[in-house]
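Quick note: the coordinates plus some simple rules give every number you see, no bench work behind them. All values reported here derive from a predicted model rather than from experimental measurement. Virtual Cβ from ideal backbone geometry, glycine too; neighbours counted across all protein chains shown.
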Amino acid sequence: MIMATGQSLPGQRRWQRVLGTLMIWLTAAMVTLSVLTAGAFLGLLLWFAGSWLTAEGMASGGVLVRFWGNLQQLLFQPSASLGIEAMLPAIIGTVIMIILMTVIVAPLGVLVAVYLSEYAKNTWYTELLRIAIQNLAGVPSVIFGVFGLGFFVYAVGGEIDGWFYAETLPRPTFGTPGLLWASLTLALLTLPVVIVASEEGLARLPTSMREGSYALGATRFETIIRVLLPAAGSSVLTGVILAIARAAGEVAPLMLVGVVKYAPTLPVSLQAPFIAFEQKFMHLGFFIYDVAAHANVGEGRLGLICAAAVLLVGLVMLLNLTAVLLRKRLRDRYQALSEE
Amino acid sequence: MPYMQRDALIQASQFQSTAARTPPGLVVQQLSLSYPGNGSALVDINLDIPAGAVTAVIGPSGCGKSTLLRCFNRMNDTIEGCRYSGAIYVGDNNVLAAATDVTALRRRVGMVFQRPNPFAKSIYDNVAYGPRIGGIRRKRDLDEIVERALRDVALWDEVSDRLHTGALRLSLGQQQRLVLARTIAIEPEVLLLDEPASSLDPISTLKIEELIYELKHTYTIIIVTHNMQQAARVSDWTAFMNGGKLVEFDETDRIFTNPVERATEDYITGRYG
Ligand SMILES: Nc1ncnc2c1ncn2[C@@H]1O[C@H](COP(=O)(O)OP(=O)(O)O)[C@@H](O)[C@H]1O
Ligand SMILES: [Mg+2]
């Protein structure tokens, strides 16, 4: 078959047209979908405002009054007859766990990324490491829970108890699911996201920037700490944002390593050491699961679930917003690398 | 542009910083270099670069000009598998010796690259980077160093009101002068300039050339350039390279008016790639 180069055949043109039309439709469909999602979200909120209170018999007053009354009740008052706990401890537990996870995963991920990008030579070992990291991202999350339970809780926690809490054995202190192990498990789960984003951020920096630093008599370490990491900071934060989003969506693994339906005390306090790392804690995601599966709320079930869902999403958005603002500040200060 | 005022400032600052300084010359002996999988890039180079003058290195693309320059501050050490032999004396020290403290060497022999490469930091932090690495911490000292370096490269008037904004917002010409200021801030003795004006517009190029002219009394300067007129304008000595070898080295006037080698003449008159 002979084809003149640089001359598009009618068939090709038609293809392009069809493809173009398809793209337009696809885009339109996506826009519609996102608008619908946002609408549904608002709908859920309203549903929450109107539905559950009827079950509790406080149907008087306008929507906002009922909403407020509902919110208060949900946040602060557990109901034994309905079998639901107050949501505030669950909110606090979720936030503390995600913050702790972030504190663990960010430096760890950056460390691995720096190793891969700046130190590792291209050997079979680093190849293996990269493949392992990519595979880690594909492991079902509940498997992480199993690993956390086996490794963190029983192996590491049991060992810690043997060394430091021998007098209280056989009652375990760290050798049982708790906040620290849940955070570590989630950190492991989200590690690939942070590593990949940070490594890409570092790899994107031009060689000339590294050479510029070396040419001024800087060592490799100084170059990494003072030039490369600040310049790749917004990529690292992007990774952290994705990690938070991923972590906030997980419930299954947490049920194995520290989250419970009811915890008598909060994992945080105003006295040192402020965070009770070994304590079990409550979690919004688990709250949703628990209400859906076990609570005795009858008709109000969906409204209640929606309320918790709205709160969970709101929380994640708040945490993400913090990271996004931080990233913006970083970018404003340094301005993103110019086109190149 | 207030030239008079600027020149006065530059002279004043030179008087301060480098009053009784004599920069070293460089002696290259039997320098050969090869990159992995690419054969030899430099073949038995012998060269005697005079102190306190501007030496231009010219030659066709890929003849090894950058490679030669990067030997002087051991920048080629960062390329894995790059092998070299021979000796380069900066003053009395053979910098290619294994015992050389490379970071200390790079503070003596500063380098400006072909494309401006400011860090993703503020203007101030870019210039203060070298001194900070060198252990200078006091803000007053740093302020002084930054101002002096920026004045030396005639950038102070343009940026003094936005020292703490991102350096990447500057124009390319400004960025290249900033990078030069960053290098000068650590007070090296030798300046290596690898086609410093090749990505700049004519006005910025002119500024860089003026700077070279002004700096040559206090630094030993080696400049790689593609531009014959530029070599003729700014340099005192010129080395012509071809195929990894040094073909001819002489005073610039001689190279351009009466070269010994046929290849040099061909290249200069444009009869060569
Ligand atoms: N990092 C490198 N790895 C392998 N070969 C290189 C490398 N850098 C330069 N070379 C080769 O060495 C030769 C000289 O390059 P260079 O010194 O950059 O030339 P010039 O600066 O004169 O244009 C060229 O053939 C180039 O391809
Ligand atoms: Mg070059």
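Enumerate the whole-percent occupancy of each 5 Å bin, from 0 to the last occupied one, for all C-alpha pair distances of the range A:82-190.
Calculated over all Cα pairs of the range A:82-190, the distribution is 2, 11, 14, 16, 17, 16, 12, 6, 3, 2, 1, 0, 0 percent.
If you average the sequence gap of Cα pairs under 8 Å that are 6 or more apart and divide by the length of chain B, what percent do you get for the contact order?
Values: 489 pairs, mean separation 71.0, N = 273.
About 26 percent, as a whole number.
Could you let me know the centre-to-centre spacing of the range B:56-111 and the range A:221-295, using Cα atoms, in angstrom?
50 Å
Relative contact order of chain A: what whole-number percent is it, with Cα pairs under 8 angstrom and at least 6 residues apart? All intermediate terms of the calculation are to be shown ahead of the outcome.
On the way: 388 pairs, mean separation 83.1, N = 340.
Here the relative contact order equals 24 percent.
DSSP H helices in chain A with Cα extent of 24 Å or more along the helix axis and mean Kyte-Doolittle hydropathy at least -0.5? Let's see the in-between values first.
Values: long enough: A:10-56 (69 Å, 0.83); A:88-114 (39 Å, 2.64); A:179-204 (36 Å, 1.43); A:229-248 (28 Å, 1.52); A:301-334 (49 Å, 1.13).
Length and hydropathy pass: A:10-56, A:88-114, A:179-204, A:229-248, A:301-334.
Which of the lysines could a cross-linker bridge to B:Lys216, judged by Cα under 27 Å and excluding same-chain residues fewer than eight apart?
B:Lys65, B:Lys207, B:Lys245
In deg cm²/dmol, rounded to 500, what helix-only [θ] at 222 nm does chain A give when every DSSP H run of at least 4 residues adds -39500 (n - 2.57) and the total is split over its residues? Mind showing how you got there, number by number?
Details: 13 runs with 225 residues, N = 340.
About -22500 deg cm²/dmol.
Within 10 Å of each Cβ in peptide B:110-121, how many partner chain Cβ atoms are there on average? Round it to a whole number, please.
Numbers: counts 3, 5, 2, 5, 1, 3, 3, 10, 4, 12, 17, 6.
Per residue, the average neighbour count from other chains is 6.
Which three semi-axes in whole Å describe the equivalent ellipsoid of chain B, each the square root of 5 times a Cα gyration tensor eigenvalue, listed largest first? Before the final figure, lay out the partial values.
Details: eigenvalues 189, 95, 60 Å².
That gives 31, 22, 17 Å for the three semi-axes.
So which aspartates and glutamates pass the test for A:Lys261, namely a Cα distance under 16 Å, with those fewer than 8 places away in the same chain ruled out?
Qualifying aspartates and glutamates at Cα under 16 Å: A:Glu85, A:Glu250, A:Asp290.
Counting only helical runs of four or more DSSP H residues, what would the 222 nm mean residue ellipticity of chain B come to if each run contributes -39,500 (n - 2.57) and the total is spread over all its residues? Numbers along the way, then the final one.
Details: 11 runs with 106 residues, N = 273.
It comes out at -11000 deg cm²/dmol, rounded to the nearest 500.
Aspartates and glutamates near B:Lys139 by alpha-carbon distance under 15 Å, same-chain residues fewer than 8 away left out - which ones?
B:Asp125, B:Glu147
Rounded to two decimal places and with Rh computed the Kirkwood way over Cα pairs, what is Rg over Rh for chain A?
Details: Rg = 25.4 Å, Rh = 23.7 Å.
Result for chain A is an Rg/Rh of 1.07.
Would you mind computing the Rg to Rh ratio of the range B:137-250 from its alpha-carbon coordinates, Kirkwood style for Rh? Walk me through the numbers on the way to the answer.
Details: Rg = 15.6 Å, Rh = 15.4 Å.
Taking Rh as the inverse mean 1/r over Cα pairs, Rg/Rh reads 1.02.
What's the Cα-based Rg to Rh of the protein assembly as shown, Rh via Kirkwood? Spell out each step's value before the answer.
Values: Rg = 33.1 Å, Rh = 29.6 Å.
So for the protein assembly as shown, dividing Rg by the Kirkwood Rh gives 1.12.
Could you estimate the translational diffusion coefficient of the range A:130-218 from the Stokes-Einstein equation, with Rh from the Kirkwood formula over C-alpha pairs, at 10 °C and 1.306 mPa s, in whole µm²/s? Mind showing how you got there, number by number?
Values: Rh = 15.9 Å.
The diffusion coefficient I find is 100 µm²/s.
Once you average over the residues of A:217-226, how many Cβ atoms of partner chains fall within 10 Å of each Cβ?
Details: counts 16, 8, 3, 1, 0, 4, 2, 0, 0, 6.
Partner Cβ neighbours, averaged per residue: 4.
Taking loop as defined by DSSP and a crowding limit of 13 other beta carbons within 10 Å, which chymotrypsin sites (Phe, Trp or Tyr not before Pro) in the range B:124-160 fit? Let's see the in-between values first.
Values: sites: B:Tyr124, B:Tyr129, B:Trp156; in loops: none.
Filter output for the range B:124-160: empty list.
If you take each beta carbon of peptide A:203-212 and count the beta carbons of other chains within 10 angstrom, what is the mean? Please list the in-between numbers first.
On the way: counts 0, 0, 2, 2, 4, 7, 4, 2, 6, 12.
That average works out to 4.
With a bin width of 10 angstrom, please list the P(r) values of the range A:176-299 as percents of all Cα-Cα pairs, from the 0 bin to the one holding the largest distance.
Histogramming the range A:176-299 at 10 Å steps yields 12, 28, 24, 19, 12, 4, 1, 0 percent.
Among B:94-104, B:237-247, B:41-51, A:28-38, what's the highest-first ranking by average C-beta atoms within 10 angstrom per residue?
Numbers: B:94-104: 13.5, B:237-247: 21.4, B:41-51: 17.4, A:28-38: 10.1.
With the highest mean Cβ count within 10 Å placed first, the list reads B:237-247, B:41-51, B:94-104, A:28-38.
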